[in-house]
Amino acid sequence: MLVAEITMPEFEKGLSLTRTIVLPFGSVEEHGPHLPLGTDTFQMYEIAKLAAQKRPLFVAPPVFYGLCRSTSEHPGTVSISGDTLKKITLDLLRAYYKQGLRNFLLLSGHAGGTHLAYLLDAGELFMKETQEVKLAVASILDLLKWGAQDILETPEDSHAGEFETSLMLHFSPELVKGTAEEEYPRFPRPFLVRNKRKFWPGGVWGNPAKASPEKGRLFAERLAAVIVRLADEIEKFEEV
């Protein structure tokens, strides 16, 4: 059930089928020279929609903006602060709780560590407020690891490479502008840098040449199945 597309009576009826909702998060962020800035959001929302076709499940409209640290100096990246992301997330959790939802899957197409930390922080605060809710936070790379890692040919792939290019070739091939060179960031850890683009010039983390629409279809189906499994598990989950 896509919250943005169903009616008031359909929402009310849906609560008799499930109290579980996916909240998809994404970003407006560079994805190399070949993928759209909305890649993270597009792919997470589409995979969540696939999952909702397989079992009763609410899917919220996606949150298009996220905290983008490593790509903040690249053209096209529009980042929000961690505090803003945390407040948006808390507001959404409280609003959906008020509407009767009790199980929350916060799934992010943007897998930045700082971004995910703020989602986790929001989730922890929300769980302190509301004792009966259950909540999970995961990135699309977590879903990949749990359900489709065997398809991936590029060991260190994570951003605008084989995985994400395949998904976009499957979901929205008209938005894919060719391909890009294989690339991996060279940040001088543990030091912070101001000119982040100097250490990651092309904005690709992986090998887009390994991508294909068929891989994208397989990735999408496998990841949707992981979401279905998470929805089943969260409804049965009990802390010991």
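Brief remarks follow.
- Of all residues in region 58-104, those being charged (D, E, K, R) and farther than 24 Å from LEU2 by Cβ number 5.
- Filter pass, SER79 being hydroxyl-bearing (Ser, Thr, Tyr), closer than 28 Å to ALA180 by Cα and out of contact with any helix residue (DSSP H, G or I) (no Cβ under 7 Å at 6 or more places or on another chain): yes
- Test: residue in region 60-82 that is in contact with an Asp or Glu (Cβ under 9 Å, 6 or more places away or on another chain), of a type outside the set (Val, Ile, Thr), at pLDDT 95 or above and within 18 Å of VAL228 (Cβ to Cβ): no
- Complete set of residues in region 37-62 that are of a type outside the set (Lys, Arg), within 28 Å of GLU12 (Cα to Cα) and under 13 Å from the mean Cα position of the chain (by Cα): THR41, PHE42, GLN43, MET44, TYR45, GLU46, ILE47, ALA48, VAL59, ALA60, PRO61, PRO62
- Enumeration of residues in region 22-36 that are under 14 Å from the mean Cα position of the chain (by Cα) and not charged (D, E, K, R): VAL22, LEU23, PRO24, PHE25, GLY26, SER27, VAL28
- Looking across GLY178, GLY161, one residue alone is closer than 22 Å to GLY38 by Cα, in contact with a His (Cβ under 7 Å, 6 or more places away or on another chain) and among the small types (Gly, Ala, Ser). It is GLY178.
- Residue that is farthest from the chain's Cα centre (by Cα), among those in region 74-88 that are surrounded by 17 or more Cβ atoms within 10 Å (Cβ to Cβ) and assigned to a loop (DSSP other than H, G, I, E, B): HIS74
- Residue check for LYS198: loosely packed, with under 13 Cβ neighbours inside 10 Å and farther than 20 Å from LYS54 by Cα: yes
- Of all residue pairs spaced 6 or more apart or on separate chains, those with beta-carbon atoms under 8 Å, a first member in region 129-147 that is touching a residue at least 40 places away in the same chain (Cβ under 8 Å) and a second member that is assigned to a strand (DSSP E or B) and among the hydroxyl-bearing types (Ser, Thr, Tyr) are ALA138/SER108; ILE140/SER108.
- Selection within region 89-120 - more than 15 Å from the chain's Cα centre (by Cα) and crowded, with 17+ Cβ neighbours inside 10 Å: LEU92, LEU93, TYR96, TYR97, LEU101, ARG102, ASN103
The values are calculated or read from the model by the stated rules, or taken from the named source; none is laboratory data. Everything quoted here is computed from the prediction, not taken from an experiment. Positions of Cβ are backbone-derived with ideal geometry, glycine not excepted, and every protein chain shown enters the neighbour counts.
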